[in-house]
Amino acid sequence: MNTQLKLNKATMNDYPLITELLIESAKWLKSKGSKQWNGILEGKDNHDTKSAIERGDVFYFTMENSPVGMCILWNKQSSWRPRTLGSRQE
């Protein structure tokens, strides 16, 4: 099977798809006992996904035209990163 992963830059038209991918991930994390991303399940968007899409920071991946994942690439460190992962040297 010659299946290729395709990278797509998200647009505002893709917002429902991106939200669905985030919710699916949050549900999976919860099923594993993690509370990470639980806010998404409560309708909270701590990462301001709409603004990230508008900035061009959101990408999603497809395989055979089906969505399989997404990511947000930040140009700068978010406010929560030092609290969770420690500070990063620039």
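The values are calculated or read from the model by the stated rules, or taken from the named source; none is laboratory data. These numbers come from a predicted model, not from an experiment. Note that we place each Cβ from the backbone using ideal geometry, even for glycine, and neighbour counts take in every protein chain shown. These area figures cover heavy atoms from the full protein model, side chains too; ligands, DNA and RNA do not enter into them. Shrake-Rupley method; radii C 1.70, N 1.55, O 1.52, S 1.80 Å.
Would you be able to say whether some residue in region 74-82 is at pLDDT 80 or above, of a type outside the set (S, T, N, Q) and touching a helix residue (DSSP H, G or I) at 6+ places or on another chain (Cβ under 7 Å)?
Checked region 74-82: no residue is at pLDDT 80 or above, of a type outside the set (S, T, N, Q) and touching a helix residue (DSSP H, G or I) at 6+ places or on another chain (Cβ under 7 Å).
Return yes when Lys6 is of a type outside the set (Ser, Thr, Tyr), open to solvent by 100 Å² or more (accessible area, probe 1.4 Å) and within 21 Å of Ser66 (Cβ to Cβ) and no when it is not.
Taking the combined requirement at face value, the residue satisfies it.
With (1) open to solvent by 40 Å² or more (accessible area, probe 1.4 Å); (2) modelled with pLDDT of 95 or more as the list, and Asp45 as the residue in question, which single condition is left unmet?
Looking at each condition in turn, Asp45 falls short on (2).
Taking interchain pairs and intrachain pairs at least six residues apart, which have beta carbon atoms under 7 angstrom, with the first residue in region 33-51 and more than 25 Å from Asn75 (Cα to Cα) and the second of a type in the set (A, V, I, L, M)?
Taking only residues 6 or more apart or on different chains, the pairs are Leu41/Ile23; Leu41/Ala26.
Return yes or no: is Lys35 open to solvent by 90 Å² or more (accessible area, probe 1.4 Å), under 12 Å from the mean Cα position of the chain (by Cα) and either farther than 15 Å from Cys71 by Cβ or modelled with pLDDT of 95 or more (or both)?
In short, no.
Which pairs do you get when a residue that is modelled with pLDDT of 95 or more, found in region 1-19, comes within reach of a residue that is open to solvent by 90 Å² or more (accessible area, probe 1.4 Å), reach meaning Cβ atoms under 8 angstrom, with the pair 6+ apart or on two chains?
Within 8 Å, the pairs are Met12/Lys50; Met12/Glu54; Tyr15/Lys50.
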